[in-house]
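The values are calculated or read from the model by the stated rules, or taken from the named source; none is laboratory data. The model shown is predicted, which means the values in this text are computed figures rather than measured ones. So basically every Cβ, Gly included, is an ideal-geometry build from the backbone, and we count neighbours across all protein chains shown.
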Amino acid sequence: MKKWFAAALLLLAIGYTAYGLSTLSLYTSSGRPAAGFFPLLIGLALIVSCAINLWGDVREWQAERAAGVLHTHQTDPAAEGTAEALGIDTYRLDGRREYGRDVAITFVYLCGFVAILKLVGALPAMIVFMLVFLFTFNRAHPLSNVLYSLALPGFLYLLFKVLLNASLPTGPLGF
């Protein structure tokens with residue numbers, strides 16, 4: 001399954017890069033980098049990283065096939081013993097079913113981020129998104145959550161708005 005997911009990500013990265021190259025120009029008439037330059041760099045980095053990931057997954061799959069190993073869900077022996085003692089399903093104890101819930105929560109947060117982006121502006125929306133996301137999935141570290149929620153959006157705002165002069169949604173406060 002991993003190799004198919006990695007292959008799908010590689011195809012998406014190739015499609016993203018091809019779309020960026022076909023719709024955006026790389027250079028302006030004066031020879032400076034244009035809007036297509038950044039997506040090209042990101043796309044190439046995605047293609048390389050996805051190709052390396054796919055290569056590793058295919059090699060792992062081939063090694064498992066050659067060894068005759070069937071890849072099934074295997075729990076930690078300690079977790080299995082604890083589950084038996086408590087009468088709990090080891091699959092649930094492993095936390096595997098939690099991933100669907102986490103994906104749904106992340107999807108809802110991203111939709112909320114997109115919804116408030118134009119209302120409050122890019123910087124406040126990024127800060128709110130990071131705070132909500134980190135306090136949902138990293139409750140044990142409130143100080144680092146606040147620091148990351150201020151530092152990363154601040155860095156991205158400076159990079160795109162100030163250095164690259166990119167157009168970001170502005171809110172009532174002007175940023």
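From the list ALA85, ALA63, exactly one residue is exposed (fewer than 14 other Cβ atoms within 10 Å of the Cβ) and at pLDDT 85 or above. Which is it?
So the residue among ALA85, ALA63 that is exposed (fewer than 14 other Cβ atoms within 10 Å of the Cβ) and at pLDDT 85 or above is ALA63.
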Could you tell me whether any residue of segment 149-158 is under 22 Å from the mean Cα position of the chain (by Cα), aromatic (Phe, Trp, Tyr) and loosely packed, with under 12 Cβ neighbours inside 10 Å? yes
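If I ask for residues that are hydrophobic (A, V, I, L, M, F, W, C) and under 21 Å from LEU163 (Cα atoms), which ones from segment 16-45 would you list?
Of all residues in segment 16-45, those hydrophobic (A, V, I, L, M, F, W, C) come to 18, 21, 24, 26, 34-35, 37-38, 40-42, 44-45.
Selection gives LEU24, LEU26, ALA34, ALA35, PHE37, PHE38, LEU40, LEU41, ILE42.
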Is there a residue in segment 44-60 that is modelled with pLDDT under 90 and either in the same structural domain as PRO169 (by TED's automatic domain parsing) or not in a helix (DSSP H, G or I) (or both)? no
Residue hits (segment 130-159; without any contact (Cβ under 8 Å) to a residue 24 or more places away in the chain and within 30 Å of PRO33 (Cβ to Cβ)) are MET130, TYR148, LEU150, ALA151, PHE155, LEU158, LEU159
